[in-house]
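The values are calculated or read from the model by the stated rules, or taken from the named source; none is laboratory data. What you see is a predicted model; the values in this text were computed from it and never measured. Counting neighbours? That spans all protein chains shown, and the Cβs are built from the backbone with ideal geometry, glycine included. Just so you know, the surface numbers come from the protein's heavy atoms only, side chains and all, with ligands and any DNA or RNA stripped out. Shrake-Rupley method; radii C 1.70, N 1.55, O 1.52, S 1.80 Å.
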Amino acid sequence: MPLTVGEFTEDGLDGVLAAAEVVSGPDGPVFSHLSAGPFLDSTVRALRQAWQLAHGTPGRYEPRLLSLPEHYASALWLHGGQPGEDLLIPLAPAPLGVAAHQALPAAELLARLERSPAARADAARAGAAQPTALIG
(Lines give C-alpha, C1' and ligand atoms only; values in the text may rest on other atoms or scores of the structure.)
Protein backbone atom coordinates (compact mmCIF):
# COMPACT_ATOMS: atom_id res chain seq x y z
CA MET A 1 0.00 0.00 0.00
CA PRO A 2 1.60 3.33 -0.99
CA LEU A 3 2.06 6.01 1.66
CA THR A 4 -0.16 9.04 1.31
CA VAL A 5 0.44 12.39 2.96
CA GLY A 6 -2.93 12.42 4.68
CA GLU A 7 -2.26 9.13 6.51
CA PHE A 8 0.37 10.29 8.98
CA THR A 9 0.18 12.86 11.70
CA GLU A 10 2.43 15.83 12.06
CA ASP A 11 3.40 14.48 15.50
CA GLY A 12 4.83 11.40 13.80
CA LEU A 13 7.67 13.57 12.50
CA ASP A 14 8.98 14.56 15.95
CA GLY A 15 12.34 13.11 16.86
CA VAL A 16 13.37 11.96 13.37
CA LEU A 17 17.09 11.16 13.50
CA ALA A 18 17.74 9.53 10.13
CA ALA A 19 15.99 8.36 6.99
CA ALA A 20 16.53 5.16 5.05
CA GLU A 21 16.15 5.20 1.28
CA VAL A 22 14.58 2.13 -0.27
CA VAL A 23 14.73 1.39 -3.99
CA SER A 24 13.09 -1.24 -6.16
CA GLY A 25 15.16 -4.37 -6.57
CA PRO A 26 14.53 -7.51 -8.65
CA ASP A 27 12.77 -9.18 -5.70
CA GLY A 28 11.05 -6.08 -4.32
CA PRO A 29 12.16 -3.13 -2.18
CA VAL A 30 15.79 -3.09 -0.97
CA PHE A 31 17.76 -0.76 1.30
CA SER A 32 19.82 1.83 -0.60
CA HIS A 33 21.38 4.20 1.94
CA LEU A 34 20.90 6.19 5.13
CA SER A 35 20.57 10.02 5.29
CA ALA A 36 20.95 12.44 8.21
CA GLY A 37 21.81 16.11 8.83
CA PRO A 38 20.47 19.32 7.23
CA PHE A 39 19.00 17.51 4.20
CA LEU A 40 16.93 15.35 6.53
CA ASP A 41 15.77 18.41 8.51
CA SER A 42 14.63 20.04 5.28
CA THR A 43 12.79 16.87 4.25
CA VAL A 44 10.96 16.71 7.60
CA ARG A 45 10.02 20.38 7.25
CA ALA A 46 8.65 19.71 3.74
CA LEU A 47 6.67 16.71 5.03
CA ARG A 48 5.11 18.96 7.68
CA GLN A 49 4.19 21.44 4.95
CA ALA A 50 2.74 18.60 2.87
CA TRP A 51 0.63 17.43 5.78
CA GLN A 52 -0.74 20.96 6.26
CA LEU A 53 -1.45 21.31 2.53
CA ALA A 54 -3.21 17.96 2.30
CA HIS A 55 -5.04 18.09 5.63
CA GLY A 56 -8.70 18.76 5.04
CA THR A 57 -8.53 18.63 1.24
CA PRO A 58 -10.49 16.02 -0.71
CA GLY A 59 -7.47 15.11 -2.84
CA ARG A 60 -4.90 12.49 -1.88
CA TYR A 61 -1.17 12.93 -2.37
CA GLU A 62 1.56 10.32 -2.46
CA PRO A 63 4.85 11.75 -1.13
CA ARG A 64 7.97 10.96 -3.12
CA LEU A 65 11.49 12.30 -2.93
CA LEU A 66 12.58 13.73 -6.28
CA SER A 67 16.28 14.10 -7.01
CA LEU A 68 17.29 16.79 -9.51
CA PRO A 69 21.01 16.05 -9.94
CA GLU A 70 21.55 18.48 -12.81
CA HIS A 71 20.50 21.26 -10.40
CA TYR A 72 22.18 19.78 -7.31
CA ALA A 73 18.76 19.80 -5.68
CA SER A 74 15.97 17.67 -4.31
CA ALA A 75 12.26 18.24 -3.79
CA LEU A 76 9.39 16.60 -2.01
CA TRP A 77 7.03 15.55 -4.79
CA LEU A 78 3.38 15.36 -3.82
CA HIS A 79 1.92 13.15 -6.51
CA GLY A 80 -1.78 13.87 -6.95
CA GLY A 81 -4.41 11.58 -8.35
CA GLN A 82 -5.20 13.71 -11.41
CA PRO A 83 -2.97 15.25 -14.12
CA GLY A 84 -1.82 18.72 -13.12
CA GLU A 85 -2.34 18.15 -9.37
CA ASP A 86 1.31 17.34 -8.59
CA LEU A 87 3.09 19.76 -6.27
CA LEU A 88 6.82 20.09 -5.62
CA ILE A 89 8.36 21.50 -2.45
CA PRO A 90 12.06 22.30 -3.10
CA LEU A 91 14.32 21.25 -0.23
CA ALA A 92 17.07 23.44 1.20
CA PRO A 93 19.48 24.30 -0.22
CA ALA A 94 17.48 25.18 -3.31
CA PRO A 95 19.01 26.21 -6.65
CA LEU A 96 19.32 29.89 -7.57
CA GLY A 97 16.00 31.40 -8.56
CA VAL A 98 13.98 28.91 -6.50
CA ALA A 99 12.83 29.41 -2.91
CA ALA A 100 13.23 26.41 -0.62
CA HIS A 101 10.01 25.21 0.99
CA GLN A 102 7.70 27.10 -1.37
CA ALA A 103 5.15 24.58 -2.66
CA LEU A 104 4.61 25.02 -6.40
CA PRO A 105 2.75 23.16 -9.12
CA ALA A 106 5.24 20.74 -10.67
CA ALA A 107 5.06 22.36 -14.12
CA GLU A 108 5.87 25.81 -12.67
CA LEU A 109 8.91 24.65 -10.69
CA LEU A 110 10.28 22.66 -13.63
CA ALA A 111 9.87 25.73 -15.89
CA ARG A 112 11.76 27.87 -13.34
CA LEU A 113 14.57 25.34 -13.23
CA GLU A 114 14.84 25.37 -17.04
CA ARG A 115 15.30 29.17 -16.87
CA SER A 116 17.73 29.04 -13.93
CA PRO A 117 21.27 30.44 -14.20
CA ALA A 118 22.69 26.90 -13.89
CA ALA A 119 20.57 25.65 -16.79
CA ARG A 120 21.64 28.60 -18.97
CA ALA A 121 25.32 27.98 -18.10
CA ASP A 122 24.96 24.27 -18.93
CA ALA A 123 23.35 25.15 -22.27
CA ALA A 124 26.15 27.61 -23.05
CA ARG A 125 28.81 25.01 -22.20
CA ALA A 126 27.07 22.41 -24.36
CA GLY A 127 26.90 24.85 -27.26
CA ALA A 128 30.56 25.83 -26.87
CA ALA A 129 31.65 22.21 -26.81
CA GLN A 130 30.29 21.49 -30.28
CA PRO A 131 32.70 22.37 -33.10
CA THR A 132 31.40 24.64 -35.83
CA ALA A 133 34.22 23.89 -38.28
CA LEU A 134 37.10 21.48 -38.63
CA ILE A 135 40.55 22.92 -39.18
CA GLY A 136 43.08 20.57 -40.74
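Does residue 65 satisfy the criteria of being assigned to a strand (DSSP E or B), open to solvent by 80 Å² or more (accessible area, probe 1.4 Å) and in contact with a strand residue (DSSP E or B) (Cβ under 9 Å, 6 or more places away or on another chain)? When the stated conditions are applied, residue 65 passes them.
As a summary of the residue check, residue 76 satisfies the conditions (1) open to solvent by less than 60 Å² (accessible area, probe 1.4 Å); (2) touching a helix residue (DSSP H, G or I) at 6+ places or on another chain (Cβ under 9 Å); (3) farther than 26 Å from residue 114 by Cβ except for the one numbered (3).
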